[in-house]
Structures are given as C-alpha cells and as structure tokens.
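The values are calculated or read from the model by the stated rules, or taken from the named source; none is laboratory data. It should be emphasised that the depicted structure is a prediction, and the values quoted were computed from it without experimental measurement. Neighbour counts run over all protein chains shown; Cβ positions are idealised from the backbone, glycine included. Heads up: the accessible areas ignore ligands, DNA and RNA and are worked out on the full protein's heavy atoms, side chains in. Shrake-Rupley method; radii C 1.70, N 1.55, O 1.52, S 1.80 Å.
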Amino acid sequence: MRLSCLQENLSKGLAIAGRAVATRTTLPITTNILITAEESRLRLTATNLEIAISCWIGAKVEEEGSITIPARLLTDFVNSLPNDKIEISLSKQTLSLKCARMEANISGMDADDFPPIPKIGDGVHTEIDPAILRSAITQVVFAAASDETRPVLTGVKVEFKGDKMTLASADGFRLAVHEAALPKAVEKDLEAIIPGRSLAELSRLLADQEDPVKLSLGKNQVLFSLKNVEMVSQLLQGEFPHYRQLIPATSTTRVECNTQELLRAVKVASIFARDSSGIVRLQIAPGEELVPGKMIVSARSEQIGDDMAEIDVAATGEPSKIAFNGKYLVDVLNVIGEEQSVLEITSPSSPGVLRPVGRDNYIHVVMPMFVQW
C-alpha cells in the first residue's frame, strides 16, 4: 500500500468511521480501523458487531492494499499533525505515516482477520430525503427504552407500506410515532426493528448530508448509503408491541398552547419535582367564548417547596387535571418542531396525547402518574 491524502480529510474520515469502533469487546480487532486503499480513494471501516461504518476519502493511490490499525492511536496521531499532505505506506504489518517533518510507524493486524461487513441483497430498497429522515429519527428515538431487560423495546419499529415509512418507539411509559413520505412507493411492504443506538448514530451522520439517503432493508441487517459514507446495522429480533392499539381514539379535553411556553413551565416545575418522582401536574380550565382558557403547570415537594405557572391556552371540552413525569414532557416538547402543540386528555388515569399543530404525521402518547389532588 502506498498513497497520499490531506490531513484534514483523513481526520474527518477517522472521526466518522470511529463512531463504530468497539470500546468493550472480547474481539480485540474490533478496536481497530480497517484501512483499504482502492483506486483513487481510501476507505476507512470500523465495526462493533452491531453497526459498521465505512467512509471514503479522496486520495492519490499508487499501490492498493489494506491493514487494520488501532483506532484510538491512529486518530490521536493524525489529529496532532499539521494541515498538510500525509504520505502513507505499508510494509508487512507496519503502517508508516509522514506529514511535514513528523512521521510514525504503527503496528497493525491483518485485514483478513477483520469481521466481514454484511451486504444486503433481497429486501426493500428505497430513497428518502436526509432532512426528513433525520427529523423522523429525532422525534422517535428518545422514546426507545434504555433498559436491556426487554431488548425489543430498545429498538425502533420501522414499517414500509406503499409510499409511507412509519417509525415507532415505546419504552412502556410513552410511545412516539412518526410517518414520513417516500419519494417512490416500495415494491413490497416490510417491517423491521432497528436498534435505537444505530439510528442515533445515523442521525449524526445525516447532519451535513444533502443527497438522498439510499436505504436497503434485508432480513437481518439494514444499510444506509450516504454520500461517501455507508452504515450497516444489525436488526433486533422479536415481537414489537401492537402500538396502534395504545393510541387513544377519543378525548374529553383538547388543549392548544404555545410549545415553548409549555416547555418553559414544565422545565421550571421539574426543578421542584426532583424530590417527588418528577411529578408535574397540569390543570386545565376551558375559557368562555372569546376568552382564552388557562392551564396551570405545578409541582411540589415536601422538602424544598412548590412552583406554579399559568399559561393561556385554547381549551375545549371539560375541565381536566392530570400529572406526568416532567422529563417525558420535556423530551417530547423539545422535538415536536412546531410553534403550537395540542394536548388531548380523557381522564387523570388515561394516557395523554401530544401532537404538533399543522402536521398530522407525528403523535406522542404519555402515560400519566397517579397523584393525590
């Protein structure tokens, strides 16, 4: 292997691929990055056996070849180099790097020992706008469970049907569902469960993408192809809850309010709710004709005191009171993405529903907390 590339490009590539490097593993080679010189590009690949990320950067390749190098050592060295051309060569199992007046020799491991990266054959193949996909991920991934006792709930259910893609996540206390339009209908309907951690990593990769994302969904893996980057993730096996049955069909109180005002009130109340299981109370009083209603957001603790905020709302239906975990409200209000939000309530013991005003492609269901009023 013999090639040259810019330090800036190599540093960026290592940062991208490095997101998939294993940190705790019984397979030492997964703490390495696979470096492959091919044609006029350098491919950097890393995997932790759950996800694999490959990144291509421009390079002047004089001789092709491949080697795996300890990821942290290589990244730290490259990041410490000046912004100049790096000359890279391979002799047996030692990678040599020269930049300006600095050089290093790093011992590696044979590329043939690196875990093979899965390829997707049959399945669903489609494209989606990166901004739409990132928005969908942002609005659902936080509601996936972090507790591994029910592995299936740590994932996001993804459904492809016609020209729609639906993402859903649930952790037993809340449910988030986002529908996104596909530019072209899929040839066959398919569903899968993608680990939430994988989608969180994908969301980071989508931050500066403009070209459509190619998505290939197979039986056991999913492949996301971006410009100069590919990410493969294993799928979770198991039965995801029938989430559509968890969405209330009716409500007795409907409250429309400013998203940021409600978010601010809940954040303040959450400070006082820290010693009381995070309980934030909402009391809604619908107004008369031409008179806005009121919603009181409050929290209290026997140890530190209490808090109360009043905000104007457009409320219809019956006066209501309900309590939620403040963190769950903050999480959804942070990603709802519209100036106005709607809260639908049936009773203090029934789930509450939050939706953005002006869009019907997102819904969030939160279980209430039982309190003495």
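Between VAL342, VAL332, VAL222, find the one with the highest GNM mean-square fluctuation for the chain; connect C-alpha pairs within less than 10 Å.
Fluctuation is largest for VAL342.
Calculate what fraction, in whole %, of the accessible area of the chain sits on carbon and sulfur atoms when a 1.4 Å probe is rolled over the protein chains.
On the way: 9070 of 18800 Å².
Within the chain, the accessible surface is 48 percent carbon and sulfur.
So which GluC sites (Glu not before Pro) in the stretch 83-173 are both in a DSSP loop and have at most 16 other Cβ atoms within 10 Å of their Cβ?
Answer in residue order: GLU148.
Whole angstrom only: what separates the Cα centroid of the stretch 119-165 from the Cα centroid of the stretch 1-47?
Computed from Cα coordinates, the inter-centre distance equals 26 Å.
To make sure I understand the rule: partners must be lysines, Cα under 16 Å from the Cα of LYS60, and not fewer than 8 residues away in the same chain. Which ones qualify?
Here the lysines satisfying the reach criterion relative to LYS60 are LYS85, LYS98.
So, in nm, how far is label GLU64 from label GLU127 when the simple model puts each one 7 Å beyond its Cα toward the Cβ?
For the pair GLU64/GLU127, the computed spacing is 2.7 nm.
Using alpha-carbon pairs under 8 Å, 6+ residues apart, how would you state the relative contact order of the chain in percent?
Answer for the chain is 12 percent.
Among the GluC sites (Glu not before Pro) in the stretch 240-293, which ones are in a DSSP loop with at most 16 other Cβ atoms within 10 Å of the Cβ? Mind listing them?
Filter output for the stretch 240-293: GLU288, GLU289.
For LYS119, give me every one of the aspartates and glutamates with a C-alpha distance below 18 angstrom, ignoring sequence neighbours fewer than eight places off in its own chain.
Of all the aspartates and glutamates, those that pass the test against LYS119 - Cα under 18 Å, at least 8 places apart if same chain - are GLU50, GLU127, GLU230.
Could you give the dipole magnitude of the chain about its Cα centre, charging the beta-carbon of Lys and Arg +1 and that of Asp and Glu -1, in debye to the nearest 20?
500
Per residue, how much accessible area does the chain have with a 1.4 Å probe, in Å²?
Averaged over the residues of the chain, the accessible area is 50 Å².
Put +1 on the Cβ of each Lys and Arg and -1 on the Cβ of each Asp and Glu in the chain; which of PRO82, ILE67, ALA249 then has its Cα farthest toward the positive end of the dipole?
The one lying farthest along the dipole's positive direction is ILE67.
By a straight-distance test (C-alpha under 15 Å), which aspartates and glutamates pair with LYS157 as possible cross-link partners, with residues fewer than eight away in the same chain excluded?
Hits, sequence-local ones excluded: ASP171, GLU179, ASP189, GLU191, GLU239.
Find which of GLN234, SER96, SER277 sits farthest along the positive direction of the dipole of the chain, computed with +1 on the beta-carbon of Lys and Arg, -1 on that of Asp and Glu, about the Cα centre.
In the chain, that residue is SER96.
Filter LYS161/LYS267; LYS12/LYS219; LYS12/LYS327; LYS184/LYS227 down to the pairs with a C-alpha to C-alpha distance above 26 Å, please.
From the list (LYS161/LYS267; LYS12/LYS219; LYS12/LYS327; LYS184/LYS227), the Cα-Cα distance tops 26 Å for LYS161/LYS267; LYS12/LYS219; LYS12/LYS327.
Within 10 Å of each candidate Cβ there may be at most 12 other Cβ atoms; applying that plus a DSSP loop requirement, which trypsin sites (Lys or Arg not before Pro) in the stretch 99-161 survive?
Working: sites: ARG101, LYS119, ARG134, LYS157, LYS161; in loops: ARG101, LYS119.
Counting only loop positions with at most 12 other Cβ atoms within 10 Å, the trypsin sites (Lys or Arg not before Pro) in the stretch 99-161 are ARG101, LYS119.
In whole angstrom, how far apart do the alpha carbon centroids of the stretch 332-373 and the stretch 231-283 sit?
6
Placing +1 at every Lys and Arg Cβ and -1 at every Asp and Glu Cβ, with all other atoms neutral, what dipole size does the stretch 26-166 have around its Cα centre, in debye to the nearest 20?
340
If you wrap a convex hull around the Cα atoms of the chain, how much volume per residue is inside, in Å³? Before the final figure, lay out the partial values.
Values: hull volume 65.7 nm³, N = 373.
Cα-based convex hull of the chain, divided per residue, equals 176 Å³.
Would you work out which of ALA37, ALA192, SER349 lies farthest towards the positive end of the dipole of the chain? Charges go on Cβ: Lys and Arg +1, Asp and Glu -1.
It is ALA37, whose Cα lies furthest towards the positive end.
Based on DSSP H runs of at least 4 residues, each adding -39500 (n - 2.57), what is the mean residue ellipticity at 222 nm of the chain after dividing by all its residues, to the nearest 500 deg cm²/dmol?
On the way: 6 runs with 65 residues, N = 373.
That comes out to -5500 deg cm²/dmol.
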